[in-house]
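Each remark here refers to the structure printed beneath this line.
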Amino acid sequence: MACAALGAFALGTPSAGIHLQGVRDNEWLNAATAKSLDLVVTADDDSALDTLKVTLDGRPVPAHRQDGKLHVQPPALADGQHRLSLRSEGPLPFTGTTVSRTFTIATTSPVLQLDKVTATRPHTPVTVHGTAKDAARVEVNGITAPVGPHGTFSVTVADPPPLVKVIASDRAGNTATDEVHLARVHPLLRAAHLTAIGWTSDVLRNGILDLIQQKKLNAVELDIKDENGEIGYASQVPLAKEIGAVKGYYDARATIDALHKAGAQVVGRIVAFRDPILATASWQQGHHERVVQTPGGEAYHGGNYGQLAFTNFADRTVRDYNQDLAAEAAGLGFDDILYDYVRRPDGPLPTMVFPTLGSTTPEQSIADFVAETRSRISDKGTFLGVSVFGIAATRPNEIAQEIGALAKEVDYIAPMVYPSHWGPGEYNVPDPNSHPYDIVQRSLADFARKTDGTQAQVIPWLQDFSLGVHYGPREVADQIQAAAHDGMPSFLLWNAGARYQGEALSIIP
């Protein structure tokens, strides 16, 4: 609540003719208004000013005459109620005339505490409640909430955004602000991955649609931008069109409508920082800052990915490009945006340079990027997830994925806990690839611990392919059961060829 402006205000009998300007009776002042307190006394007869006795809380206060006015100079005042008095001891008609003001100094903001709020679905009413100690007014998403005893408040927001702003104000105009990140519970998600080109194949597309019809899956995870930097639909993002990334393999709205009609959710996968098309175009155009570099200024060779494979996650243009795609896809109707390769290249950190990173750590920069994305898509009700390496739970610095920081910014973490990707002895499993239940259960339990206390769910990527060890329905089912053991009934299946083993999947109730 904004503090009323200070102004002229006369008190006492009209015949007294003594006027005090600068503070109103029963006014509340915050630190700024108290510091700028300017108390000026005037009288109909200037001679009356010479006989005034000025006290503050019963103690004399210095005052001086200037330009026919008496300027009162109050000392620094502590928080609390104060009383300023002027008493004339001059001749009639001023003798005994008293002018006074009682006012309160309050320099401390209200103490605002918000309770956790859960929204089961986007755009459904939620009740925001908490306490705002010493507040006179609370606003929740622009709605005034009555303040009860001990500062309690509660208000229902009919159509809340995922981020609800709460402002508590006291009578002096001090404010405290906080935000409610609605802990949206993602509905059960059992998805299979399909590339943009894969969607154009009747065989691959119908294989997944059959599993959806059989109620063994309820979602498709479809590429928006893939590992090559290709965008699967006709994106209108200017930079995407400029660099030739738009391929238009499928009609986004028609595809989403068809899947929704079939009862399926649509998860849009954006491969963020592995982007050969953007990296190559940027390097050729002289925008070297958009590309991960070596200490010598060359384009970083990202292991098996090639020399111009990884863009610089710290660069503003690179960040905006991916966020623009996320915002566009959310507007087209994708239920989820799921980032992949939202990390630095794997490899020794001293061998790579990220221009414009500054003093920020790679882990924090990537978490900030994800937080920026959430603000871009929050008004669409779109869920946001990030795919992360299995080792990120124990070795976040190896790829710049700090699970605790990321979990604060997303609806879910999607760990890629493929048994074939673990080395011998991880989580005390001698041969992880041959023991899919053990490695998945133990690694996901670690992710559950890392995300504890946040609002993020864990929805793992599971392996439906063979690499070194043959994986049939039993091995896939073992992973699903291991995830369920950790309280994670949702999952995403990966098979590069998009051929999934329905025998491993149970019927969704």
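The values are calculated or read from the model by the stated rules, or taken from the named source; none is laboratory data. Keep in mind the model is a prediction, meaning the values are calculated, not measured. Using ideal geometry, Cβ is built from the backbone for each residue, glycine included, and neighbour counts are taken over all protein chains shown. For accessibility, only protein heavy atoms count, side chains too; no ligands or nucleic acids. Shrake-Rupley method; radii C 1.70, N 1.55, O 1.52, S 1.80 Å.
Test Ser443 against the stated conditions and say whether it is among the small types (Gly, Ala, Ser), within 16 Å of Arg343 (Cβ to Cβ), assigned to a helix (DSSP H, G or I) and touching a residue at least 12 places away in the same chain (Cβ under 8 Å).
no
Check off (1) open to solvent by 40 Å² or more (accessible area, probe 1.4 Å); (2) part of a helix (DSSP H, G or I) for Gln307 and give me the number that stays unchecked.
(2)
Which numbered condition in (1) under 13 Å from the mean Cα position of the chain (by Cα); (2) not in a strand (DSSP E or B) is the only one that Ala392 fails?
Unmet for Ala392, out of (1) under 13 Å from the mean Cα position of the chain (by Cα); (2) not in a strand (DSSP E or B): (1).
Spot the failing condition for Lys450; the list is (1) under 21 Å from Glu475 (Cβ atoms); (2) surrounded by fewer than 24 Cβ atoms within 10 Å (Cβ to Cβ); (3) in contact (Cβ under 8 Å) with a residue 24 or more places away in the chain, and only one is missed.
Unmet for Lys450, out of (1) under 21 Å from Glu475 (Cβ atoms); (2) surrounded by fewer than 24 Cβ atoms within 10 Å (Cβ to Cβ); (3) in contact (Cβ under 8 Å) with a residue 24 or more places away in the chain: (1).
Which of (1) more than 24 Å from Gln307 (Cβ to Cβ); (2) surrounded by 14 or more Cβ atoms within 10 Å (Cβ to Cβ); (3) not hydroxyl-bearing (Ser, Thr, Tyr) is the odd one out, the single condition Lys241 does not satisfy?
(2)
Of everything in segment 159-168, what is farther than 15 Å from Asp115 by Cα and either open to solvent by 70 Å² or more (accessible area, probe 1.4 Å) or touching a His at 6+ places or on another chain (Cβ under 6 Å) (or both)? Give them in sequence order.
Asp159 - this is the single residue of segment 159-168 that is farther than 15 Å from Asp115 by Cα and either open to solvent by 70 Å² or more (accessible area, probe 1.4 Å) or touching a His at 6+ places or on another chain (Cβ under 6 Å) (or both).
So Arg171 fits all but one of (1) basic (Lys, Arg); (2) open to solvent by 20 Å² or more (accessible area, probe 1.4 Å); (3) in a strand (DSSP E or B); what number is the exception?
Looking at each condition in turn, Arg171 falls short on (3).
Consider Val180 against the criteria (1) modelled with pLDDT of 95 or more; (2) within 24 Å of the chain's Cα centre (by Cα); (3) surrounded by 23 or more Cβ atoms within 10 Å (Cβ to Cβ): it satisfies all of them except one. Which criterion is unmet?
Of (1) modelled with pLDDT of 95 or more; (2) within 24 Å of the chain's Cα centre (by Cα); (3) surrounded by 23 or more Cβ atoms within 10 Å (Cβ to Cβ), only one is false for Val180: (1).
Yes or no: segment 282-297 includes at least one residue that is closer than 24 Å to Ile459 by Cβ, within 31 Å of the chain's Cα centre (by Cα) and either outside any strand (DSSP E or B) or of a type in the set (Lys, Arg) (or both).
Within segment 282-297 (the criterion being closer than 24 Å to Ile459 by Cβ, within 31 Å of the chain's Cα centre (by Cα) and either outside any strand (DSSP E or B) or of a type in the set (Lys, Arg) (or both)), the answer is no, since none of the residues qualifies.
Looking at Arg395, Arg374, Arg343 in this structure, which one is open to solvent by less than 30 Å² (accessible area, probe 1.4 Å) and basic (Lys, Arg)?
Answer to the check: Arg343.
From (1) more than 17 Å from Ala192 (Cα to Cα); (2) within 35 Å of the chain's Cα centre (by Cα); (3) at pLDDT 95 or above; (4) loosely packed, with under 15 Cβ neighbours inside 10 Å, pick out the condition that doesn't hold for Pro430.
Pro430 satisfies every listed condition except (2).
Conditions tested, residue by residue: (1) touching a strand residue (DSSP E or B) at 6+ places or on another chain (Cβ under 9 Å); (2) more than 30 Å from Leu349 (Cβ to Cβ).
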{"position": "Val237", "(1), (2)": "yes, yes"}
{"position": "Lys241", "(1), (2)": "no, yes"}
{"position": "Val246", "(1), (2)": "yes, yes"}
{"position": "Leu259", "(1), (2)": "yes, yes"}
{"position": "Val266", "(1), (2)": "yes, yes"}
{"position": "Arg269", "(1), (2)": "yes, no"}
{"position": "Ala281", "(1), (2)": "no, no"}
{"position": "Gln293", "(1), (2)": "yes, no"}
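Taking segment 210-248 as the region of interest, how many residues are assigned to a loop (DSSP other than H, G, I, E, B) and not charged (D, E, K, R)?
Counting residues in segment 210-248 that are assigned to a loop (DSSP other than H, G, I, E, B) and not charged (D, E, K, R) gives 15.
For segment 399-423, which positions are in a helix (DSSP H, G or I), open to solvent by 10 Å² or more (accessible area, probe 1.4 Å) and farther than 16 Å from Thr360 by Cα?
Gly404, Ser420, His421 - these are the residues of segment 399-423 that are in a helix (DSSP H, G or I), open to solvent by 10 Å² or more (accessible area, probe 1.4 Å) and farther than 16 Å from Thr360 by Cα.
Residues in segment 22-55 that are closer than 26 Å to Asp170 by Cβ and surrounded by 17 or more Cβ atoms within 10 Å (Cβ to Cβ): how many?
Residues meeting the conditions: 11.
Can you tell me which residue is most open to solvent (accessible area, probe 1.4 Å) among those in segment 346-371 that are of a type in the set (A, V, I, L, M, F, W, C) and in contact with a Phe, Trp or Tyr (Cβ under 9 Å, 6 or more places away or on another chain)?
So the residue we want is Val353.
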